[in-house]
Amino acid sequence: MGNPDKIARGCPANDRVGSCAKLNVYDWLFDVKNTANTDEIVEVRFKNTRKDYFRNVNGLVLKPGEMVAVEASPGHDIGMVSLVGDLVLKQMKRHKVTIVDGEMRKIYRIAKAVDLQKWEEAIASEHSTMLKARKLAEELQLNMKIGDVEFQGDKTKAIFYYIADERVDFRQLIRLYADTFRIRIEMRQIGARQEAARIGGIGPCGRELCCSSWITNFVSVTTNAARYQEISLNPQKLAGQCGKLKCCLNYELDGYIDAQKNFPPTHLQLETEKGNYNYLKADIFKGIFWYVKENNQPGGMIAVSVEKVKEIQLLNRSGKKIAQLTSENVVVAEPEAHNYHNSVGVESIERFDQEFKNRRKKRHKPVLTRKPNPQNEG
């Protein structure tokens, strides 16, 4: 059994529907009495990143981590309670809620052993079904990829997630799936980012992918986001695991745009009596532009403040030139020496180096001994 507080606030210890890090919510209202959510709406998580909201019409005492049988169309589905209480109403604003005949769907009961057994059998057949579905789509020569298959809890319906760059007529494919698998078929198109979110993984930052852990809607990312932030336009570094531009390029974009509102244009040369200078790069938050002389190597970079660049461009527009472009004093922060103070009595990691040095000191040259000559004996 896990810690009850941990189960109520974070990842449940008995997670049975996938990684708990996928769109997990920390319930910071777990110790506050439920006052706003009078209808007892509950958030239920299914496979991967699929979530939905249901009404607890039977007044069941539910906690995060419990498996429940919920209303589906048709039949019922099995999911895990991921959030209860007032915070559910705030989460509903971020997710799309399924409405049937103008009402939210209901929670039937806490899942029984029979329900869980049938649900686990359905999950066990998802991978083989996906592989078979891919072969059938390939035989029909459809330009699409079956990314995942998710069975409903009662094994009467399956959702086939597919990726396609253009519109696909899969009416014949649905009939073929229905005859082959003997279940109700639902085709749901997803994008490359959504597929990466469902699969999950670790990003280059060392953390769980944002699309799996907290992003619920995907905003378009363009190369202008990299240009505003002075990032090298290297497709291999800018692309995420989905093959698209990384979503994190938009995180600090507004700050960079605000900082550059009063910046002068960079495509204009700075004209001096000793030659013209071209823009090379910028330190945006320090307000410094770096220029290099025309037909010169980047080694002779000159740092000029934004205000100074405005003055020079204003003079150039009036037909005047400055005598010489000189570099301003730019303070470059040097890395501080890592003089760590051992305040908790932990041994220094340098002890391994010291032991290696001591072992080298202990090495002695081998003593050569002469073997006795039998002829000299006696």
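The values are calculated or read from the model by the stated rules, or taken from the named source; none is laboratory data. What you are looking at is a predicted structure, and each value in this text was computed from that prediction instead of being measured. Here the Cβ is made from the backbone with ideal geometry for all residues, glycine too, and neighbour counts use every protein chain on show.
Going by what's in this entry, would ILE146 be described as in contact with a Phe, Trp or Tyr (Cβ under 8 Å, 6 or more places away or on another chain), free of Cβ contacts under 8 Å to residues at least 24 places away in the same chain and closer than 24 Å to ALA178 by Cβ?
Taking the combined requirement at face value, the residue satisfies it.
Determine which member of the set LYS90, LYS96 is assigned by TED's automatic domain parsing to the domain that holds ALA69 and farther than 24 Å from ALA192 by Cα.
Being assigned by TED's automatic domain parsing to the domain that holds ALA69 and farther than 24 Å from ALA192 by Cα holds for just one of LYS90, LYS96, which is LYS90.
Is there any pair linking a residue in the stretch 43-66 that is free of Cβ contacts under 8 Å to residues at least 60 places away in the same chain and surrounded by 19 or more Cβ atoms within 10 Å (Cβ to Cβ) to one that is basic (Lys, Arg) and assigned to a loop (DSSP other than H, G, I, E, B), with Cβ under 8 Å and at least six apart or on different chains, and which?
Within 8 Å, the pairs are ASP52/ARG105; PHE54/ARG105.
Kindly indicate whether any position in the stretch 210-225 is aliphatic (A, V, I, L, M), touching a residue at least 24 places away in the same chain (Cβ under 8 Å) and surrounded by fewer than 14 Cβ atoms within 10 Å (Cβ to Cβ).
Taking every residue of the stretch 210-225 in turn, at least one turns out to be aliphatic (A, V, I, L, M), touching a residue at least 24 places away in the same chain (Cβ under 8 Å) and surrounded by fewer than 14 Cβ atoms within 10 Å (Cβ to Cβ).
Kindly establish whether THR326 is exposed (fewer than 14 other Cβ atoms within 10 Å of the Cβ), among the hydroxyl-bearing types (Ser, Thr, Tyr) and modelled with pLDDT under 90.
Answer is yes for this residue.
Considering only residues that are surrounded by fewer than 15 Cβ atoms within 10 Å (Cβ to Cβ), under 30 Å from the mean Cα position of the chain (by Cα) and either in a loop (DSSP other than H, G, I, E, B) or at pLDDT 90 or above (or both), which ones fall in the stretch 260-282?
LYS261
For the stretch 131-229, please list each of the strands (runs of 3 or more DSSP E) lying entirely inside it that holds at least 2 residues being among the β-branched types (Val, Ile, Thr).
So the answer is 145-151, 157-163.
For the stretch 233-240, state whether one or more residues are part of a loop (DSSP other than H, G, I, E, B), loosely packed, with under 12 Cβ neighbours inside 10 Å and of a type in the set (S, T, N, Q).
Looking through the stretch 233-240, at least one residue is part of a loop (DSSP other than H, G, I, E, B), loosely packed, with under 12 Cβ neighbours inside 10 Å and of a type in the set (S, T, N, Q).
Let me spell it out: the conditions are (1) touching a residue at least 24 places away in the same chain (Cβ under 8 Å); (2) surrounded by fewer than 16 Cβ atoms within 10 Å (Cβ to Cβ); (3) over 21 Å from the mean Cα position of the chain (by Cα), and ARG167 meets all of them except one. Which number is the exception?
Among (1) touching a residue at least 24 places away in the same chain (Cβ under 8 Å); (2) surrounded by fewer than 16 Cβ atoms within 10 Å (Cβ to Cβ); (3) over 21 Å from the mean Cα position of the chain (by Cα), the lone unmet condition for ARG167 is (1).
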